[in-house]
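This structure is in structure tokens; I'll ask about it shortly.
The values are calculated or read from the model by the stated rules, or taken from the named source; none is laboratory data. Quantities reported herein were computed from a predicted structural model and do not represent experimental measurements. All Cβ positions, even for glycine, are placed from backbone atoms using ideal geometry, and neighbour counts span all protein chains on display. Protein only, heavy atoms only, side chains kept; ligands, DNA and RNA dropped before computing areas. Shrake-Rupley method; radii C 1.70, N 1.55, O 1.52, S 1.80 Å.
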Amino acid sequence: MNILSYNIRGLGKGIKWASIRNLVGKHKIDLLCLQETKRDSIDKALCQALWGHSDFDWKWFPAVNTAGGLLCVRNNNNFQVDIKIAERGFIMLEGVWLVESQRVVVANIYASCELESKRQLWQRLYLMKNQSQVQCWCLVGDFNCIKHPAERMGSTLCNADTNLIAEFNEWLAEMEVDDIPCLGKPFTWVRPNGSCKSKLDRVLVFDDWVSKWPDSSQHNLERNYSDHCPIILNSKNIDWGLKPFRVFDAWLHNKDFNKVVRDCWSANQPMGWGGYALKCKLQKIKQRLKTWSKENCVDLGNKVKLIQHKLNDLENSLTAQPTDQQVQELKKAQSDLWEHSILLFFMNQYCDRSLDVSGSKREIASTKSLIPAEGGMP
């Protein structure tokens, strides 16, 4: 399941609509959650302009005096919803994720800046959670609160801020939700003049969600027309069938991976019957990937930190009218950070798992889909 959450700071029209539509298509979004639409009415035509095609359903909650406003648009073919609740501060959708026949609850959250409204929202969600029979929950959106002082930069915390952080963390503990691994920008909101940054937008999930989709991750994308970053929750299970050896998902995001495999496959042409030749080729690929992984994945943590520092330095050095070169450098730094962070996350998670090649007939048979025709690549 791919969920896009975005505090759009007013839907407007034209360029914002196109930007959201491009994100939905590019990232194959199953559920779009928008906050601060600032709209007192939303119709199907607007939703279709955001979604990109006509096969969808939506639920919305109006803004009050152009403040707030929520919208959820979803893929009918993947997420079948039978319970919809829309109230001030949230839209809750309960239904079945059809791809894996999993019943889930997803809530699109927009917490007010006003403390008492926050408390009322927290209490309402807590009561709904206790009354629900579903254990697979996900909360996404703008919580207008940080969990730790390190999630804010550029302003001094007062006693009231410290108390709010403590209260927010108490509520998270009562809800039994927590963050999932986060990639990309460390802050999701930036004051227009750049003087303050905070992590206000996040994805929170129950343990059952992580158990079902252990590789879930949150990606904080580049900011564009809002002062908030779009964030994406990616939750999926990849069933590759029986494997001749293990391959980290993150390797597939490395632009050099395909070339390494292709070159190794082409360079080794062992003699003998087909099964033996295939076994030898797979062993050679195993050895090559081990070497390549060590060469490219060593000290990834420091690489990620350096790229992140570079990204922030570039962003802080921007003028009111950045040059094309500055824009390209920013895009490259963001892309590099994403690629290296994904690799680091999976390498940390699976670093103790070695590749294991077997020459058994059963495993060799299971690799038919990987075997190239006419000596080509899988």
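Suppose each label sits 7 Å from its Cα in the direction of the beta carbon; what would the GLN123-ASN78 distance come out to in nanometres?
3.7 nm
Could I ask something else about it? Using the Kirkwood radius over C-alpha pairs as Rh, can you work out the diffusion coefficient of the range 17-125 via Stokes-Einstein at 20 °C, viscosity 1.002 mPa s, in µm² per second?
The Stokes-Einstein estimate is 147 µm²/s.
In Å and whole numbers, how far do the C-alpha atoms of the range 67-121 stretch along each principal axis, longest first?
So the extents along the principal axes, rounded to whole Å, are 39, 18, 14.
Taking θ as phi - 60°, what are the ³J(HN,Hα) couplings along the range 199-208 by the Karplus curve (6.51, -1.76, 1.60), each to the nearest whole Hz, with x for Gly and Pro?
Per residue, the Karplus-derived 3J(HN,Hα) values read 9, 9, 9, 7, 10, 10, 9, 7, 4, 5 Hz.
Moving on. Write down the accessible area per residue of the range 57-141 in Å², having rolled a 1.4 Å probe over the full set of protein chains.
Value for the range 57-141: 45 Å² per residue.
Give, in nm to one decimal, the length gained when the segment between LEU157 and SER266 is fully stretched (0.36 nm per residue of separation minus the Cα-Cα distance).
Result: 33.3 nm gained on full extension.
Related question: Where the centroid of each part is defined by its Cα atoms, how far is the range 165-221 from the range 250-271 in Å?
Taking the Cα centre of the range 250-271 as reference, the centre of the range 165-221 is 36 Å away.
Can you work out the base-10 log of I(q)/I(0) for the range 118-246 at q = 0.10, 0.17, 0.20 1/Å, using the Debye formula on its C-alpha atoms alone?
Results for the range 118-246 at q = 0.10, 0.17, 0.20 Å⁻¹ read -0.39, -0.98, -1.23.
Output wanted: per-residue J couplings in Hz (rounded whole) for the range 126-140, from phi through Karplus 6.51 cos²θ - 1.76 cosθ + 1.60, θ = phi - 60°, x for Gly and Pro.
Using θ = phi - 60°, the values come out as 4, 5, 5, 4, 5, 8, 7, 8, 8, 9, 9, 10, 9, 10, 10 Hz.
Now for a separate question. Kindly state, to the nearest 0.05, the FRET efficiency for LYS13 paired with GLU114, given R0 = 35 Å and r defined as their beta-carbon distance.
Efficiency, from the Cβ-Cβ distance: 0.75.
Give me the distance in nm between label points sitting 7 Å out from Cα along the Cα-to-Cβ direction at LYS332 and ALA49, one decimal.
Result for the modelled spin labels: 3.7 nm.
Place a label point 7 angstrom from the Cα of CYS196 along the Cα-to-Cβ direction, then list the residues of the range 89-115 whose backbone nitrogen is under 18 Å away.
111-115
Given H placed 1.01 Å from N in the peptide plane, which residues other than close sequence neighbours of ARG103 have an amide H under 5 Å from its amide H?
Residues meeting the amide H criterion: TRP97.
A 26 angstrom limit on the alpha carbon distance is what I want to check against. Which of LYS16/LYS255; LYS59/LYS129; LYS38/LYS310; LYS59/LYS332; LYS26/LYS281 exceed it?
Distance filter (> 26 Å) returns LYS16/LYS255; LYS38/LYS310; LYS59/LYS332; LYS26/LYS281.
Right, here's the next one. Roughly speaking, what % of Cα-Cα pairs in the range 1-74 are separated by over 13 Å, rounded to a whole number?
61 percent
Could I ask something else about it? Please give, to one decimal in nm, the separation of the simple spin-label points placed at ASP207 and ASN65, each 7 Å out from Cα toward the Cβ.
The modelled label-to-label distance comes out at 4.4 nm.
Just round it to a whole percent: the fraction of Cα-Cα distances in the range 47-183 exceeding 21 Å.
Everything past 21 Å amounts to 50 percent.
Not counting ligands, DNA or RNA, and with a 1.4 Å probe, what is ASP227's accessible surface area in Å² rounded to the nearest 10?
Per-residue accessible area (ASP227): approximately 20 Å².
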